[in-house]
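For reference, the structure discussed in these notes is given below.
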Amino acid sequence: MKEVTRKIYYLFSPWLRIFHWIMVVCILTLFVTGLLITNPWFIFAVDPTYSGMMVDNIRNIHFLAAYIFSASFILRIYGFIVNPGDRLFSHVWKGYFYRNVVDVMLHYMFLKHEHASYLRNPLARCSYTFLYVLVFIEMLTGFAIYYMTNINGIGGILFGWVIPLLGGEYMAHLIHHYVAWGILLFAFGHVYMVIRAEFMEGESEVSSMFAGSKILAHEPRDAGHLDGTLK
Amino acid sequence: MDKRESMWEYYLRKGMSRRSFLKGCVALTSIMGLSTDMVSKVVEAAEKKPLPVVVWIHGHECTGCDESFIRSGAPLASDLVLNEIALEYDHLLSAACGAPFEAHLEETIQKYKGQYILAVEGAVCTKDNGVYCMSGGHTFTHLLKHAASNALAIIAYGSCAAYGGIQAAKPNPTGSSGIGSFVGRSPIINVPGCPPIPEVMTGVIMHLALFNKVPSLDHDGRPKQFYGNRIHDTCYRRPFFDAGMFAEHFDDAGAKAGWCLYKLGCRGPETYNSCGNLRWFQGMSYPIQSGAPCIGCSSAHFWDEDPLTARMPDYGPFGNVDKIGAVAAAVTAVGVMAHGAMSIVQKNQRDKIEAKKHGEQVNK
Ligand code: SF4
Ligand code: SF4
């Protein structure tokens, strides 16, 4: 049997990993409850006394998940501060970043047999930025809608400006809903891409989100990024 | 009227009792949304403060707000117009007309510069220099600018004055909009609604009149005491919403039983108004109570948010958002699977090539 030497690259702090899995659970919960709030297609009761306040509870679960999700960004930010592996910025101001993106894209379009190995795939990084933007829109619109019940409160002051900006609360609902679907589509693509990378490219994309490190036989092109030798 | 009299002086002149005066003050306090310990302040103001001069002008609109206004029950609109404010000019309620009437407007503006309250009803249309709305031989834009620049405060009555209303609905051929950005000065008090609730209209003007102060406003310039609550949060059908009991059609058993109208397009969850707590016409009813879903008449652009009897997912510029989302998700899933299959093929090819290379190397 051929000997393979593998190297360990410690990438993701526990904080980031916990954040990631909280995000997974929250997004799924928010999506399902959100659909049910928009269209409570299920007849929950014919008698209010024994209804169990179903729609009310679904809304409360939605709000709770939203709060937990938002609060979990504290973990993300903490990890960002303490662990260099959590803050591998894309060097978007450098030419090589775009060459790498094209390299990966050509491979995904089957125009090349493979792409170079990266600790953090540049195309994936772009998509995560996109996800953060979507999540940010959801937070802004969601909390704006939520806090309008008390515009004098701190939430109303923080998010109240969003509604007139969008031209009305109904528009905020609409955007909130479309972007939610956008996040779901992202999740589809994301799950597929990481599984593909894990099992076809040997890139430990899935396992690293559990273990924190990538154990790779090859030297990734951006390995120097981690210890600061790649500037 | 050279020396402007106060409300109390007016009562005295008319030979009305102190008792009826105090009763009026109590009614005013509650209608302004103030707590009862403010009664003494209201009485004081009503005794001393001269009746406020009001100029009331009309732009692009249907005068439905006046229809609402004259139905105010507490205070009675007639009381308000005759003995609580000095209404000097009103397109609709004034008996006078023609050149003398316009001259009186000019006189009032000059005489009470910076002291009168300007009530504006209706949108301002700005396209083609505003020719689509004329008043007294001038464009309405001219009148509005002139009257607004000398006013103490401006009240935008109705969704038209606040946001443009129905004439600002797509495609908005006359370039109509709310008066706020056109006038460009504060304070403007937005009192939206199509029409606003009568008691809200009288309450706002009395607040201004008695305290000489703009009531506390929200981010949209609406008085908080009347527009601080969602219809949905004050709706008496809310327990049905929370329980998940909805009318699905206008003629089904749920509608008959008075269940929540959410699925019939009710805009209550996004609408801020006092319909749920004040109700209309001395608490007689309000749309939801009579089985019609709220159409969000006090929200900006509500005319463009049709159909008013559908909410999301059905409602929306591109159709049913959940159907669109589900189709997009299905397409993505198929795409992912196809990509996966092709990737496997590609990987096999790559492995073959590499094995060959490897073999060659070994052979060498
Ligand atoms: S009828 Fe409208 S305002 Fe009332 S609870 Fe239902 S959705 Fe809310
Ligand atoms: S219930 Fe809604 S549509 Fe009806 S008057 Fe009140 S705010 Fe307007």
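The values are calculated or read from the model by the stated rules, or taken from the named source; none is laboratory data. None of the values given here were measured: they were computed from a predicted structure. FYI the Cβ positions are ideal-geometry reconstructions off the backbone, even for glycines, and counts take in every protein chain you see.
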Next on the checklist: Condition check: surrounded by fewer than 19 Cβ atoms within 10 Å (Cβ to Cβ), in a helix (DSSP H, G or I), within 14 Å of chain B (Cβ to nearest Cβ) and in contact with a helix residue (DSSP H, G or I) (Cβ under 9 Å, 6 or more places away or on another chain). Does A:Phe63 satisfy that?
Outcome noted: yes
Checklist outcome for this item: So, first residue more than 20 Å from B:Asp233 (Cβ to Cβ) and of a type in the set (Asp, Glu) in segment B:246-265, second residue away from ligand 2 (no atom under 16 Å from the Cβ) and not in a loop (DSSP other than H, G, I, E, B), Cβ within less than 6 Å, six or more apart or across chains; the pairs are B:Glu248/B:Lys263
Checklist outcome for this item: A careful count of residues in segment B:35-69 that are without any contact (Cβ under 8 Å) to a residue 12 or more places away in the chain and of a type in the set (A, V, I, L, M) gives 1
Next on the checklist: Every residue in segment B:339-355 that is more than 8 Å from chain A (Cβ to nearest Cβ) and among the hydrophobic types (A, V, I, L, M, F, W, C), please.
Outcome noted: B:Ala341, B:Val345, B:Ala355
Checklist entry - Taking segment B:282-306, which residues are hydroxyl-bearing (Ser, Thr, Tyr), away from ligand 1 (no atom under 11 Å from the Cβ) and surrounded by 14 or more Cβ atoms within 10 Å (Cβ to Cβ)? => result B:Ser298, B:Ser299
Item to check | Of the criteria (1) surrounded by fewer than 23 Cβ atoms within 10 Å (Cβ to Cβ); (2) at pLDDT 90 or above, which one B:Arg222 fails | outcome: (1)
Next on the checklist: Six or more apart or on different chains, Cβ atoms under 7 Å: show the pairs whose first residue is in segment B:84-102 and hydroxyl-bearing (Ser, Thr, Tyr) and whose second is crowded, with 18+ Cβ neighbours inside 10 Å.
Outcome noted: B:Tyr89/B:Val55; B:Tyr89/B:Trp56; B:Tyr89/B:Leu105; B:Tyr89/B:Thr108
Checklist entry - If the Cβ limit is 6 Å and pairs must be 6+ apart or interchain, which residue in segment B:299-319 that is more than 8 Å from chain A (Cβ to nearest Cβ) pairs with which residue that is of a type outside the set (A, V, I, L, M, F, W, C)? => result B:Asp304/B:Lys170; B:Leu308/B:Gly265; B:Thr309/B:Gly265; B:Ala310/B:Gly265; B:Asp314/B:Asn320
Checklist entry - With (1) more than 8 Å from chain A (Cβ to nearest Cβ); (2) of a type outside the set (A, V, I, L, M, F, W, C); (3) away from ligand 2 (no atom under 15 Å from the Cβ) as the list, and B:Arg237 as the residue in question, which single condition is left unmet? => result (3)
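Listed here are the residues, each with its yes/no results for (1) within 14 Å of chain B (Cβ to nearest Cβ); (2) surrounded by 14 or more Cβ atoms within 10 Å (Cβ to Cβ); (3) not in a helix (DSSP H, G or I).
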| position | (1), (2), (3) |
| --- | --- |
| A:Arg99 | no, no, no |
| A:Val104 | yes, yes, no |
| A:Leu131 | no, yes, no |
| A:Gly156 | yes, yes, no |
Checklist entry - Quick check: anything in segment A:124-133 modelled with pLDDT of 85 or more, closer than 30 Å to B:Tyr272 by Cβ and either among the small types (Gly, Ala, Ser) or touching a strand residue (DSSP E or B) at 6+ places or on another chain (Cβ under 6 Å) (or both)? => result no
